[in-house]
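Beneath this line is the structure, given in structure tokens, with notes to follow.
The values are calculated or read from the model by the stated rules, or taken from the named source; none is laboratory data. Not measured: the values here are computed from a predicted model. Backbone-built Cβ (ideal geometry, glycine too); neighbour counts: all protein chains shown. Ligands, DNA and RNA are stripped out before the accessible areas are found, and what is left, the full protein with its side chains, is counted by its heavy atoms. Shrake-Rupley method; radii C 1.70, N 1.55, O 1.52, S 1.80 Å.
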Amino acid sequence: MSSPDSAAPLDQAAKKPRRRPVNACTTCRARKVKCDERPGGCLNCERLQLDCVQNGQIASTVKRPGTAVEPIIGIKRKRTFRSCVPCRESKVKCSGERPKCNRCSQRRTSCVYDAEANEPAWVQSIAVSSGNTPEGAMVTTPQAPQAPQTPQNVFPPMPADVPVADCPPALTWLFAAQLPPKARLHALLDAYFNNVHPIRVFAFEHKPSFIRMLDEGQLTDPSDQALLHIMCALGAKFYALEWSESFAPLSKELIQSAGMQWAKIAEEMFFADYSTISITKLKVLILLHDQEARTGNYAGSFLLTGLVIRMAHALQLNNEVSADIMCKDEGGSPNEASVRESRRRLMWACYMIDVWAGSGVDHLTILNEKDLKIQLPCNERQFSLQIAVVTERLQEGDIIDFIPAEDIPEKPKENLGMAAYYCCGTFVKHLDEEQPPWINGSGFAYLISDIQTWRQSLPSWLDFSPDNIYIRRESHQLGALLLIHCMYHHVMCDVHRIALPDLYKNQEPFQFPPEQQPFVAHLQAVCFDHAQRMSVLVSTILQHGVKHFADSILPSFVYNSSRIMLYYIARILDLSKPDAGTVINRTVELVQQNNQALREMTLMYPLAETLCVTTERWLEQVRTSMARGHATTYIAPQDPSENEVRQVVGAPVAGALAVRQSPVLSVISPAVDSLPAGSPTPSQIVTNGFGFSNNTPQQLSPSLAALPGLSSRVADVNSALYASSATSGTEQPVFNLDDLQNFFQWSASGDENAQSTGFEGFGPLGWANNFSIM
């Protein structure tokens, strides 16, 4: 029991008055928190990275011996004093920028703040109290986030509009420095969404949300303005093209230069602050990448690839946002489904850019398909209506594992859109080096079998049929349909090009033994057949307008189709056979159709003119040689060992089968037109050991003959020009094989340091883009 004497000190301690801080900093007083009064900056301000105002001045922190908290080194923390209502309801961090925060800008949602002031009251009180500071003292208050500068303030005013020669007065606004008024702006965006948006995986922007934000005046951020400018730049070319077809023809220079100034502005806006990472800026970068390819600057397009992939890495687009795929959680935005689908499509667009740049060569790619833990794009109707659905992953039949069983539909593959079939692919960087391609069960045989199986499993709405052609034309997807089928045939040509070493100048050609010449002849015939089919597809779609050739890779496809066909009839076809005249007539007609397509594509692509001139010269050389009636004898495929093999750093060892894939081989794209009845199937190839002759079908295959107008036009070709070519004892016409090669090469200091780029199958590419005709 305590005594009265022992209780007295406790009462005195309890009654001891509390010491009030007299040297507390102004920041802590305004925040109404206890200050430790440390000279040179209190601990609270140091920990929160606030300006510690002491005696009317900002104190500078002095390091004390034995200090527990070290001063924070690096970029000063950006404090957010006011969060917008959507971010606060979703319980996520808000950037606090006005009039729109970063999160709301990326999600295309309305950004609302429930307070007029962007700063809390304690920040304003510091600013008011600064009027009593001593003369000469510098007082700064904690800085609130500033609204980003508008594009008009970021760059100096553009120079006066430069008059364009031969431009109709109705189209001068396409070359103005400033974007047009809203009515014409909508016309440009319609041209973009109808032509560029459907091809490849460029359909990552939700059109209704974008147009709504434009009409509401919400596209004020520099990144939004950059996206608007590059969209208008791409749409301007198709707007001018449609005007040329509807009213009066325009020159190709005028169409190609339409909107170029807006693309330049978008590029300047992006690189003025390229270190700021956002989804909108990634969209701008992808479209700039496509713009460079359209203008023929393939080196610039290739270099932008690395920036595209690294920005996708930083944004972690390869993962789903959350496990709520069906967007059932409460508190989400109304357009949550379209925001997530747009994010997925953006990642697939980045992935396809990387695949095209790598062309199946490992050391040229950055992304790995195993790291893509997202589902494939859904169809356009569900995306447009903001309907959340479950689709498959890159591997067929694979579903994301964390999706609840009740949310998985019976047939998730039915939710896939056209872009998903474009993305799906089989990747074979190097085939089996031990098994030669003619062996049953070899990697080559399985590759052919996988391609054919994939093609046969496609839905009927991807058929290249008259009904689907008009359906896709109505939905502005005819260009995408053409691209898928052309890519399939280009893949087949690329797979079989190991039998055409002289044409493709393979850096490490495969050496076929003499007893396998029938197999080589079969590979050459299959390659020739798919080149013909590609030409038929092109001529069929050309009847509906050149605007459907909206993908910049199509000129290269047409070019490769022509050079395969010309090489076949000039160096491989046995002219002593009775059907040689028919084959030549059909081939010449198809090459002429390809040239017609290239001529019309020169309105959009500078590269198409060079390819067209070169192909026409090849065709003329073949005609001249055959018309002179040179004596011919059948030239069998040359021994690949006679070719000069180029030593390449990192190339596979001699005797190894290494198919350098083009972009379309890395992504085996589907198509549905069938092989002719007499053509061997992959199963026949495996079981029969490729024991086929080199006979060429005399008639058109069913898939070619079924297309309107082709079979009737074959007989109209001037066969008299080649009448003397069938005589025995004549000499095979041969022209310079170097003229058939890709005449755009990667610059290198010497052959010994030349790297295999993987672009050989892609077609004409080069650092300097010197478009010389040999």
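Please report, as a whole percent, how much of the solvent-accessible surface of region 149-300 comes from carbon and sulfur atoms (probe radius 1.4 Å). Within region 149-300, the accessible surface is 58 percent carbon and sulfur. Accessible surface computed residue by residue for region 266-360, with neighbouring protein chains in place and a 1.4 Å probe, gives 33 Å² per residue.
For region 497-592, rounded, prolate or oblate, judged on the Cα gyration tensor with a ≥ b ≥ c (square roots of eigenvalues), a/c < 1.5 rounded, else prolate if a/b > b/c? Here region 497-592 falls in the oblate category.
Can you give the percent of C-alpha pairs in region 225-299 whose distance is more than 17 Å? Result for the distance tail: 45 percent. Stretching the chain fully between Glu245 and Ile471 yields a gain of 79.2 nm (0.36 nm per residue, less the alpha carbon separation).
Highest mean first, how do 96-103, 602-609 rank when packing is the count of other Cβ atoms within 10 Å averaged over residues? Please list the in-between numbers first.
On the way: 96-103: 20.6, 602-609: 22.4.
With the highest mean Cβ count within 10 Å placed first, the list reads 602-609, 96-103.
For region 322-385, applying the loop criterion from DSSP together with a ceiling of 15 other beta carbons within 10 Å to the GluC sites (Glu not before Pro) yields Glu330. In this simple spin-label model, placing a label point 7 Å from the Cα along the Cα-to-Cβ direction at both Met326 and Leu458 gives a separation of 3.2 nm.
Each peptide in 278-287, 462-471, 553-562 was scored by the mean count of other Cβ atoms within 10 Å over its residues; highest first, the order is 553-562, 278-287, 462-471.
For the pair region 274-351 / region 513-534, the C-alpha centres are spaced 41 Å from each other.
Past the 20 Å Cα-Cα mark, which pairs from Lys207/Lys370; Lys413/Lys547; Lys91/Lys328; Lys237/Lys264; Lys237/Lys281?
As for pairs spanning more than 20 Å Cα to Cα, those are Lys207/Lys370; Lys413/Lys547; Lys237/Lys281.
Classify region 298-412 as rounded, prolate or oblate from the Cα gyration tensor: take a ≥ b ≥ c as the square roots of its eigenvalues, call it rounded if a/c is under 1.5, otherwise prolate when a/b beats b/c and oblate if not. Cα axes put region 298-412 in the prolate bin.
Excluding ligands, DNA and RNA, the accessible surface per residue across region 445-539 is 31 Å² with a 1.4 Å probe. Using θ = phi - 60° in the Karplus curve 6.51 cos²θ - 1.76 cosθ + 1.60, the 3J(HN,Hα) couplings for region 331-339 round to x, x, 6, x, 9, 4, 5, 5, 5 Hz; x is entered for Gly and Pro. Taking the protein heavy atoms of region 344-392 in the context of the full set of protein chains, the accessible area attributed to carbon and sulfur is 48 percent at 1.4 Å. What a 1.4 Å probe finds exposed on region 441-518 is 50% carbon and sulfur by accessible area, rounded to a whole percent.
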